[in-house]
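Below: one structure, written as structure tokens.
The values are calculated or read from the model by the stated rules, or taken from the named source; none is laboratory data. This structure is a prediction, so every number in the text was calculated from the model and none was measured. Cβ: placed from backbone, ideal geometry, glycine included. Neighbour counts: every protein chain shown.
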Amino acid sequence: MAVFGTLLMAAIWVLGDVMTKQNADAQMSGTNATDTGNMTAADMMMKPVQNITSSINLMDIIHQAIGSKVNVSLSDAATTAEGSVGNGSHAVVAHIDENNGYLVYNVMVIDPSMNLSKVIVDPGNGQVLSSEQISKEEHMMMHGMMGPGMMGPGMMGLG
């Protein structure tokens, strides 16, 4: 069941990229994918008005392709990441992601001293591919928690 959830997340990620590309293509051609006000008659004729399906179901293909390769659940990857950081460590965030064209699990782990580590685990074999401790400031910046006003003198050891 966990593998199915992982596959679903990967499929959503892939479909999100497809939709983003379609929206970018529409913007490049001077139309908005949700706005028919600027569309020409030719554009409107190309817009589907009914639910059309073909013999190739993209979700089935993605499920088969990825499902045969993902052998490690997200939960197991989090446990592996915790073990790689040390005793008393806890995974606080874990998700499936793409890194340089490869599917990986990204796991953020906090140790008993409150140090954060980013651990990358291979979803195919469960091996730790990378583990690096990151500063609290890096973590905050990664998650957009540091606005322009937070970077002034007195912050992060400046001034």
Among the listed residues G124, G144, identify the single one that is modelled with pLDDT under 95 and within 18 Å of the chain's Cα centre (by Cα).
G144
Tally, over region 90-123, of residues that are outside any strand (DSSP E or B) and either loosely packed, with under 13 Cβ neighbours inside 10 Å or touching a Leu at 6+ places or on another chain (Cβ under 8 Å) (or both)
7
Assess whether A81 counts as being modelled with pLDDT of 90 or more and part of a helix (DSSP H, G or I).
yes
Top-ranked residue in region 61-86 [being under 21 Å from S135 (Cα atoms) and in contact (Cβ under 8 Å) with a residue 24 or more places away in the chain; ranked as surrounded by the most Cβ atoms within 10 Å (Cβ to Cβ)]
A81
